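Next up is a structure, given as structure tokens.
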Amino acid sequence: MAKDNLMKAAQSMGDGDLKINEIPIPTPQKGQVRIKCKSTSLCHTDLMICSKEVKGQPFPRTPGHEVIGVVDKVGEGVTRFKVNDLVGVGFFGGHCGQCSACLENNFNLCKYVKFCGLSYPGGMAEYMVAEESALARVPQGMDLIESAPLMCAGATCFDALVSSRIKAGSLIAIQGVGGLGHLGIIMAKKMGYKVMAFSHGTSKKEFCLEKLGADYYIDTTAKGWIEDVQKLGGAKAIFMTAPVASMVPDMIKALDGKGKLILLSAMREPVCFNAVELQMGGKSIEAFLVGDSRNSEECLKFSQTNHVHPIIEKITLAEAPEKLKNIGKARFRYVIVFD
């Protein structure tokens, strides 16, 4: 618990590991809001943020971009939020409002976009400061712990599904059944799609079919799995949530004519594929970046109305360093719960 103007925060020195430190509680500047964090969930992207792979705030670096909390203090010029408001912060950390992308209402594509946990300290701390434009209003009555994963994992899946413009009732696939993919399956079913869950092996079959509600389970290590998908009609869209670049060629083959392969996760390796496979089937590949705070608010409203409940495991801040190391093996979201 914070005391004497100090707080606890999980920080990385750039070696990929986290350490719990005591640091000063931040003060919001003009256009900023201070948040007393209630919950912060761990995301696979935090691994990159904790390394020197990506440029951002200097080390020691405080990650955390799936944050739910209460407004504790507001800086000069803040008009949309006041003390005690319930808010959430996702990976989108603010925009300039003046570049061509912002003028076209594409705030997440701002030339000077900020990212929470990367451009400035994130929510793996008892308090954090964020840009006002980064904040999403949390509907009254939402579970403040379950809601945390919706700020990035949930918002990414929600916005990608909506933006795909695939008709309800169509056959789609969610590749990967982890913290991101399990929400994709749940949301896709709530939107009325027929859903195939793609994963390695059969260990997640029962989980996908019975717990998440997928219509079909496809083991992508099984011989002839692409033919099995095509017998079902082929996927109108495949949403790749697991960053496995080597799977892209097979994903293309599993698409129906004019199908879309939509990349939701950050892939560290180069992606190689045969362009003829795309051209002959009128297929396409799209890369998707998480939306802005407006999209996050829509995701929260949808999730409350349609009873979307992320599968989570509650942890303490002290447990975050060890849990982050194992995040690639998790089927759910680890959520830090603050006092």
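Any idea how many residues of the stretch 1-28 are touching a helix residue (DSSP H, G or I) at 6+ places or on another chain (Cβ under 6 Å) and surrounded by fewer than 16 Cβ atoms within 10 Å (Cβ to Cβ)?
Number satisfying all stated conditions: 0.
Ok, one more. Please state which one of VAL87, VAL71, VAL78 is surrounded by fewer than 19 Cβ atoms within 10 Å (Cβ to Cβ) and of a type outside the set (Lys, Arg).
From the options VAL87, VAL71, VAL78, the qualifying one is VAL78.
Restricting to the stretch 29-52, give me the number of residues that are assigned to a loop (DSSP other than H, G, I, E, B) and out of contact with any helix residue (DSSP H, G or I) (no Cβ under 9 Å at 6 or more places or on another chain).
Residues meeting the conditions: 3.
Under 7 Å by Cβ, and 6 or more places apart or on different chains, what pairs join a residue from the stretch 274-297 that is in contact (Cβ under 8 Å) with a residue 60 or more places away in the chain with one that is surrounded by fewer than 18 Cβ atoms within 10 Å (Cβ to Cβ) and part of a helix (DSSP H, G or I)?
Final answer for the pair search is none.
What are the pairs, 6+ residues apart or on separate chains, where a residue within the stretch 92-112 that is on the phi > 0 side of the Ramachandran plot has its Cβ under 7 Å from a residue that is among the small types (Gly, Ala, Ser)?
Here the result reads GLY94/SER133; GLY94/ALA134, each pair linking the stretch 92-112 to a residue that is among the small types (Gly, Ala, Ser).
Please tell me if LEU183 is surrounded by fewer than 17 Cβ atoms within 10 Å (Cβ to Cβ) and either part of a strand (DSSP E or B) or among the hydrophobic types (A, V, I, L, M, F, W, C) (or both).
No.
What number of residues within the stretch 53-74 satisfy the criterion of being of a type in the set (Gly, Ala, Ser) and in a loop (DSSP other than H, G, I, E, B)?
Residues that pass the stated criteria total 2.
Oh, and also: Take GLN175 and decide whether it is in contact (Cβ under 8 Å) with a residue 40 or more places away in the chain, among the polar types (S, T, N, Q) and within 22 Å of GLY213 (Cβ to Cβ).
Criteria met by GLN175.
A further question follows. Look at CYS37 and say whether it is in contact (Cβ under 8 Å) with a residue 60 or more places away in the chain and closer than 23 Å to THR316 by Cβ.
Considered against the rule, which asks whether it is in contact (Cβ under 8 Å) with a residue 60 or more places away in the chain and closer than 23 Å to THR316 by Cβ, CYS37 comes out as yes.
I've got another one for you. Pull up the stretch 231-271, narrow it to residues that are touching a Leu at 6+ places or on another chain (Cβ under 9 Å) and free of Cβ contacts under 8 Å to residues at least 40 places away in the same chain, then point me to the one that is surrounded by the fewest Cβ atoms within 10 Å (Cβ to Cβ).
VAL271
Since every read-out is calculated from the coordinates, none of them should be taken as a lab result. Just so it is clear, the structure is predicted and the values come from calculations on it, not from any experiment. Cβ atoms come from the backbone with ideal geometry, glycine included; neighbour counts cover every protein chain shown.
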